[in-house]
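The values are calculated or read from the model by the stated rules, or taken from the named source; none is laboratory data. Just so you know, these numbers come straight off a predicted model, no measurement behind them. Every residue, glycine as well, gets a Cβ built from its backbone with ideal geometry; the counts of neighbours run over all protein chains shown. For the accessible areas, the whole protein counts, side chains as well, though only heavy atoms, and no ligand, DNA or RNA atoms are used. Shrake-Rupley method; radii C 1.70, N 1.55, O 1.52, S 1.80 Å.
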Amino acid sequence: MVWDSLLPALLLLNVVTTHAPQELPVAGSLTAALALPLVWRRRAPLTVFGAVTAAAFVQWLMDVPLPADIALLVALYTAAANSGRRGTLVAGAVVEAGVLLACLRWTTGGAFLTPFIAVTAMAVAAAVLGVNVRTTRAYLAALEERAARLEHEQEQQARLAVAEERTRITREMHDIVTHNLSVMVALTDAAVYAQHRSPDRTTAAMLQVSETGRQALTDMRRSLGILRTDEPDAERHPLPGIAQLEALADQMSAAGLPTRLDVHGGHTHIPATAQLTVYRLVQEALTNALKHTPTGTHAKVRIRCSTGTVTVDVTDNGPCPPPPAATPSGHGIPGMRERSAAYGGTLQAGPLPGGGWGVRTRLLLGSSGAASA
């Protein structure tokens, strides 16, 4: 308001210093009516424009030309900068009508066209300047809104990434803990059973328990990303993949589930994340078979690798199907389905026609899910 008060003050000072005392009451009153509303032009632009226009019309009726008519241009600029296209056109038309009336009354010597064009050009310039200011404001507001929206979306994506990472770690920890504990329990039971009959087998079983426990700790540290710099490099081996399935089959055989592994096709071209998915699927399926089938059950793992797909097929000949799929709180089968779906695969898990249980899926290496995984 202080800035907007400068022009009215200058116009009032001009009328006081340039008019005779007998003309001052009328000229000062009209100047005040034209200029003082400009102080509030930012708060109520259209109302101020109407007040200034009304004062200018009264001035025209009284036939008193004043320099304060410049207030009309300022009011027009403000109206154009703060109203829409329709308001700008109406305000421009009103000012142009006033320009025509003023030129008809106050031009002398037949010189109508030149003043009319000059004042019209000033009115158009004021309107155009106001429209440009309004457009710039709208553009900047849109940029600010877009920046705020992008920031909000980035925050949402960050939260989703954290949630996905937590889900991934939870799934990894479930697979690691469930598998290794199941193997350790089976080995411990075998060691207790054979401690009197075959001390050598008991010692071997307990050594296998120790090795399984160390492997579980290593996998947990790697999955949680908390490997310390002072740990030996041997603890930092790559993520398990298809090459480690043979060791997994030997481990399951030692735990009491004889497992046969058949791998067809080369797997060196398969990404590490896809190989980890294959390893976890086989690990979960064999762990379920170890926990839910009686002694004497055999398992078979068949892996077929091609250029764009990997087929995983795990079966056992147990007399009854394992119950994890029927357990609402279980995470084994749902976890395997999520891993498979990440690579565009559909997991099939259920009893086999000839007896036993089977788990089968095919991972699509070129699917969009693989990229998101």
Just give me the residues in segment 35-57 being under 50 Å from the mean Cα position of the chain (by Cα) and of a type in the set (Ser, Thr, Tyr), in sequence order. 47
What number of residues within segment 268-287 satisfy the criterion of being open to solvent by less than 50 Å² (accessible area, probe 1.4 Å) and part of a loop (DSSP other than H, G, I, E, B)? 1
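What do you reckon, is residue 151 outside any loop (DSSP other than H, G, I, E, B), at pLDDT 90 or above and over 29 Å from residue 75 (Cβ atoms)?
Values: outside any loop (DSSP other than H, G, I, E, B): yes; at pLDDT 90 or above: yes; over 29 Å from residue 75 (Cβ atoms): yes.
For residue 151, the condition - outside any loop (DSSP other than H, G, I, E, B), at pLDDT 90 or above and over 29 Å from residue 75 (Cβ atoms) - is met.
Examine segment 71-88 for a residue that is assigned to a helix (DSSP H, G or I), of a type outside the set (A, V, I, L, M) and within 18 Å of residue 11 (Cβ to Cβ), and state whether such a residue exists.
Taking segment 71-88 and keeping what is assigned to a helix (DSSP H, G or I), we get 71-82, 85-88.
Cutting the leftovers down to of a type outside the set (A, V, I, L, M) gives us 77-78, 82, 85-88.
Remaining after also requiring within 18 Å of residue 11 (Cβ to Cβ): 77-78.
Yes, because at least one residue in segment 71-88 is assigned to a helix (DSSP H, G or I), of a type outside the set (A, V, I, L, M) and within 18 Å of residue 11 (Cβ to Cβ).
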The correct count of residues that are open to solvent by less than 90 Å² (accessible area, probe 1.4 Å) and modelled with pLDDT of 90 or more in segment 249-264 is 6
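Conditions (1) over 33 Å from the mean Cα position of the chain (by Cα); (2) surrounded by 14 or more Cβ atoms within 10 Å (Cβ to Cβ); (3) in a loop (DSSP other than H, G, I, E, B); (4) modelled with pLDDT of 80 or more, marked per residue:
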site: 310; (1), (2), (3), (4): no, yes, no, yes
site: 315; (1), (2), (3), (4): yes, yes, no, yes
site: 320; (1), (2), (3), (4): yes, no, yes, no
site: 335; (1), (2), (3), (4): no, yes, no, no
site: 350; (1), (2), (3), (4): yes, no, no, yes
site: 353; (1), (2), (3), (4): yes, no, yes, yes
site: 363; (1), (2), (3), (4): no, yes, no, yes
Flagged in segment 24-51 as open to solvent by 80 Å² or more (accessible area, probe 1.4 Å) and touching a helix residue (DSSP H, G or I) at 6+ places or on another chain (Cβ under 9 Å), in numbering order, are 40, 42, 46, 47
Examine segment 2-19 for a residue that is out of contact with any helix residue (DSSP H, G or I) (no Cβ under 7 Å at 6 or more places or on another chain), without any contact (Cβ under 8 Å) to a residue 60 or more places away in the chain and closer than 19 Å to residue 102 by Cα, and state whether such a residue exists. no
